[in-house]
1. Would you calculate the separation in nanometres between label points at A:GLU221 and B:SER244, each defined as 7 Å from the Cα along the Cα-to-beta-carbon direction?
2. List, in order, the whole-Hz ³J(HN,Hα) value for each residue of segment B:49-66 obtained from phi through the Karplus relation with A = 6.51, B = -1.76, C = 1.60 and θ = phi - 60°; use x for Gly and Pro.
3. Out of every Cα pair in segment B:34-278, what percent are spaced more than 25 Å from each other?
4. As a test, work out the antiparallel percent of DSSP beta bridges whose residues both lie in the protein assembly as shown, rounded to the nearest 5.
5. Taking the Cα centre of chain B as origin, sum charge times position over the Cβ atoms of Lys and Arg (+1) and Asp and Glu (-1), and report the length of that vector in debye to the nearest 20.
6. How would you classify segment A:58-179 from its alpha-carbon gyration tensor, with a ≥ b ≥ c the square roots of the eigenvalues: rounded for a/c under 1.5, else prolate if a/b is greater than b/c, otherwise oblate?
7. Relative contact order, percent, of segment A:41-278 when contacts are C-alpha pairs under 8 Å separated by at least 6 residues?
8. So who's got an amide H within less than 5 Å of the one on A:VAL52, skipping anything under 5 residues away but keeping other chains? H placed 1.01 Å off N, in plane.
2 protein chains.
Amino acid sequence: MKCRVCSGRIVIELRQHNAAFCAEHFMAFCRRQVERAIDKFSMFEPGDRVLVAVSGGKDSLALWDILVELGYAADGLVIGLGIDDYSEQSTAFARDFADQRGLTLHYHSLQDEHGFTVPSAAEATKRVPCSSCGLSKRHIFDSVALDHGYDVVVTGHNLDDEAAVLFGNVSRWQRDYLARQHPVLPAANGFPRKAKPLVRLGEREMAAYCVLNNIDYVVDECPMAAGNKHLEYKDLLNTMEVASPGAKHAFYFGFLDRAAELFSAAVEAKSGRPDENISPCVVCGSPSTNEVCSFCKLVELASRPVPVEIDTRRDMLDG
Amino acid sequence: MKCRVCSGRIVIELRQHNAAFCAEHFMAFCRRQVERAIDKFSMFEPGDRVLVAVSGGKDSLALWDILVELGYAADGLVIGLGIDDYSEQSTAFARDFADQRGLTLHYHSLQDEHGFTVPSAAEATKRVPCSSCGLSKRHIFDSVALDHGYDVVVTGHNLDDEAAVLFGNVSRWQRDYLARQHPVLPAANGFPRKAKPLVRLGEREMAAYCVLNNIDYVVDECPMAAGNKHLEYKDLLNTMEVASPGAKHAFYFGFLDRAAELFSAAVEAKSGRPDENISPCVVCGSPSTNEVCSFCKLVELASRPVPVEIDTRRDMLDG
């Protein structure tokens, strides 16, 4: 096979597009897919200030690179999650990337600023680590975006991620989640706009993009995510994709075209306008449906010292 | 593990129900699941005349057996599809089952009555064999039910089948198919009522039911169905079920509870009342949206002799 554009030597074959590309035209292809997603879903406009949620993995670094290449004003934000070596390595990759290109990277540390890490929060809440990790990231992305006047927060969720999340939501037909699964969520109720410009590109393309652009990134999966359902759904979708190239795209974009609106309408009809119940958290001022927002509740729980007194009293009662 | 009911020696463990049963209580469990499906979806009433669409496989024979055990007036119908040895064996298993129990079994042969077989129809239509097979079966089930005054046609589709069909429909978000996927379709526009009383039981349970009841059935998959997407989806769902027992049930019944109505409403809102376009087929009198129904078109195409004259003329033109 030869490059679809210039007939040059190919570096990648994309069976789902029935195409192959040389390095130069593969990178142009990736940029075009990102631009198409931004346009089609009205994610943001040239001139908007974009905050990239950076993990140090291939997706977020490739996304940041592509946005800068496309001429967008994009800064990064990386969060120190305190997952041992994994977080240190991830942060280092993000810093190196930003330094090499002279880009602005914000850094926030859960431990330094809020007194807990993802592993310690998992222990304190007795829930899966992904739960407090996601909550913390959403809170910090939102507040940094608002504090610094960014127009939109973008994340590196790619087609594989979104199809796997959709698969999970469909496997249990969770109407509320299905109603909210969209590549762009408008700013509302004090939350900034959020967008996923990589929805037209898969994991394999993003890894190839990084390799071809000499972008170093953390390759390992997060050690806390082992056994995660999300990875199981990705495997199932990969099996489908091998049997029918394009299956992931058909599944995800078919949902957006022909089903998403049905779930949004059903949830809206049932719940009315949930915006009316949102007010500023009494601790941090972030928008919340409760007096104290979920993040501040997590901070209180996870940064609290272990209640030794209670254990002692129980020992005394038992003894 | 011991039988959940009597603590006797178990013959089967059902992880999705977190239960195990002895032979006697497993059979009672199967009957109860069928009765629950019949009640919950108002499939039919005691006293209704039921026509079981029999293939000679485990599902349809187990279903027939269970319905008779539950006291329903159920006759069978088997169709000679002309798929070589496979059809002959299937029909023989159905006949033996009916003879042993003194039950009424209707028999119709595609070749004898309509001049084609499933393989010859596939060749004539240049479509997958499952296409003309499904069309022929639906047509004959419907017309036999109406001719003999049955109240309902029941088929042996089990949970694995229905979940796999749903999976296929969801993978491409086919609204029209999703809108019609229900365990019972009411009689309408000249079509008889149809129901799937095995939707609460899986393949493994039906195979066990047959073995425990000494019901001989054709074990092989239909040789025409090799490479069928349906089997691929079943494999994927089995992988999910192993990781999360109950996943198939949650997927299928979650759809019926929380999504099916959204698709039905959307399709109805778009297409209006399609019933108005239905009139009797001018050839056979069956209800159809066209002047000649799809089955009669198939009969015309598949039973037609090969048009040798046209080939000869083309040879002359080429030569």
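Every number here is computed from the coordinates shown, using simple stated rules; none is lab data. Bear in mind the structure is a predicted one, so any value in this text is a computation, not a measurement. In this analysis, Cβ positions are derived from the backbone assuming ideal geometry, glycine residues included, and neighbour counts consider all displayed protein chains.
1. 1.5
2. Once θ is set to phi - 60°, the couplings for segment B:49-66 become 8, 10, 10, 8, 7, 9, 9, x, x, 5, 5, 5, 6, 5, 4, 4, 4, 5 Hz.
3. In whole percent, the long-distance tail amounts to 45.
4. Restricted to the protein assembly as shown, the bridges split so that about 35 percent are antiparallel.
5. Roughly 1120 debye, rounded to the nearest 20.
6. Oblate is the answer for segment A:58-179, as a/c is 1.5 or above yet b/c matches or exceeds a/b.
7. Reported relative contact order: 24 percent.
8. Here A:ASP75, A:GLY76, A:LEU77, A:VAL154 satisfy the definition.
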